[in-house]
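Working notes, beginning with the structure itself.
The values are calculated or read from the model by the stated rules, or taken from the named source; none is laboratory data. Quick caveat: nothing in here was measured; it's all calculated off a predicted structure. Note that we place each Cβ from the backbone using ideal geometry, even for glycine, and neighbour counts take in every protein chain shown. Quick note on the areas: whole protein, heavy atoms, side chains included, nothing else; ligands and nucleic acids left out. Shrake-Rupley method; radii C 1.70, N 1.55, O 1.52, S 1.80 Å.
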Number of protein chains: 2
Amino acid sequence: MLTIGKLGQQAGVKVPTIRYYEQIGLLPEAERSAGNQRLYSRKSLERLAFIRHARDLGFTLEAIRDLLSLSDRPDQSCAAADAIAKAQLAEVESRLARLTALKAELERMVLQCAGGRIADCRVIEVLGDHSLCATDHSHPEPELSS
Amino acid sequence: MLTIGKLGQQAGVKVPTIRYYEQIGLLPEAERSAGNQRLYSRKSLERLAFIRHARDLGFTLEAIRDLLSLSDRPDQSCAAADAIAKAQLAEVESRLARLTALKAELERMVLQCAGGRIADCRVIEVLGDHSLCATDHSHPEPELSS
DNA sequence: CTTGAAGCTATAGTTGCTAGAGACATTAGG
DNA sequence: CCTAATGTCTCTAGCAACTATAGCTTCAAG
């Protein structure tokens, strides 16, 4: 049996995050030692590693909740799991497209900055005047900053 | 003078968002009408459009706060503005790299799914076993889902 | 046996908004 | 001029997915 600290280390997840996952029901309530400390089995480690891996791939906790409940029923069709993964792929692709457009615009902005006074700064100028943007004058959806 | 609704329309920003920006000090406290409603000038519209545009490009509100205070002092060097924009560009580039890796892995996962039972599902399997990932066995930093 | 690390609970903070309640202001129509 | 509809006001709470803090208890090493 592993303490929460060891579990966190092995799965690459911080301790408070594990407790958080338990709190929101993504992990079952852990067994407790005589002194009320959480104890985890190898199975818990697998489950947590699954979650970690899915998070790394950008799945939301909701999607992971679904994937986990699917994986608990190994005899059913995998169409649902496939659909979740495909949706995630589509999401990633759309974010890639938006980020690529952003990158182009930021590059133009930075390249044009001659390094003089603020009054002549292209960065400030472009931000202040949308019409100085790339030809199509439309913007991608806002991309959340991490 | 514009009411908050008109201002929002013209800048493409929702009304509560404008009030929120005022609350956190990104916009100055607005003038008020006799009936206590906010009134905005053309200058406010420019400032809000600046914010909106920078948000579209993924700048954080903190970065925007800095850019705005720079733009208020037009005679100083634009090095700071340039640095902020370059940092944002670097951030976008790193996110692009991570997303590209993510996309590759998701694609592999989805392509390998034969559509049978959960027990045979590549999606579930790959999520559960990190070692089935791409050759380098390392993952990009977690990419926050939008 | 003592000390320091690791664990416990509970609460609040983060970012950038968005949604709701309940009250007041303004404007268009009759 | 009155009314109804819309717009605005403040305040509070909620979202994702954690992270941090405070104040306590338990555990393992020396």
For helices (runs of 4 or more DSSP H) lying entirely in the stretch A:33-130, having 3 or more residues that are farther than 30 Å from B:Leu89 by Cβ picks out A:42-56, A:61-71, A:79-112
Test for B:Cys113: is it under 26 Å from A:Asp56 (Cα atoms), open to solvent by less than 70 Å² (accessible area, probe 1.4 Å) and away from DNA strand C (no atom under 11 Å from the Cβ)
yes
Of the residues that make up the stretch B:40-59, is at least one open to solvent by 40 Å² or more (accessible area, probe 1.4 Å) and under 16 Å from the mean Cα position of the chain (by Cα)? yes
For A:Thr60, the lone unmet condition from (1) under 19 Å from B:Val110 (Cβ atoms); (2) in contact with a helix residue (DSSP H, G or I) (Cβ under 7 Å, 6 or more places away or on another chain) is (2)
If we ask which residues in the stretch A:101-119 are facing chain B (nearest Cβ under 7 Å) and out of contact with any helix residue (DSSP H, G or I) (no Cβ under 7 Å at 6 or more places or on another chain), their number turns out to be 4
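Confirm whether A:Gly58 is at the interface with chain B (Cβ under 9 Å from one of its Cβ atoms), over 30 Å from A:Leu132 (Cα atoms), out of contact with any His (no Cβ under 9 Å at 6 or more places or on another chain) and at pLDDT below 95. Give the derivation first.
Values: at the interface with chain B (Cβ under 9 Å from one of its Cβ atoms): yes; over 30 Å from A:Leu132 (Cα atoms): yes; out of contact with any His (no Cβ under 9 Å at 6 or more places or on another chain): yes; at pLDDT below 95: yes.
Spelling it out, A:Gly58 is indeed at the interface with chain B (Cβ under 9 Å from one of its Cβ atoms), over 30 Å from A:Leu132 (Cα atoms), out of contact with any His (no Cβ under 9 Å at 6 or more places or on another chain) and at pLDDT below 95.
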Within the stretch A:1-17, the count of residues that are over 14 Å from A:Ser41 (Cα atoms) and within 10 Å of DNA strand D (Cβ to nearest atom) comes to 5
Per the filter on the stretch B:90-109, residues open to solvent by less than 20 Å² (accessible area, probe 1.4 Å) and either aromatic (Phe, Trp, Tyr) or over 19 Å from A:Ala49 (Cβ atoms) (or both) are B:Val92, B:Arg95, B:Leu99
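Restricting the search to the stretch A:1-32, which residues are in a loop (DSSP other than H, G, I, E, B), closer than 23 Å to B:Cys133 by Cα and not aliphatic (A, V, I, L, M)?
The answer is A:Gly12, A:Lys14.
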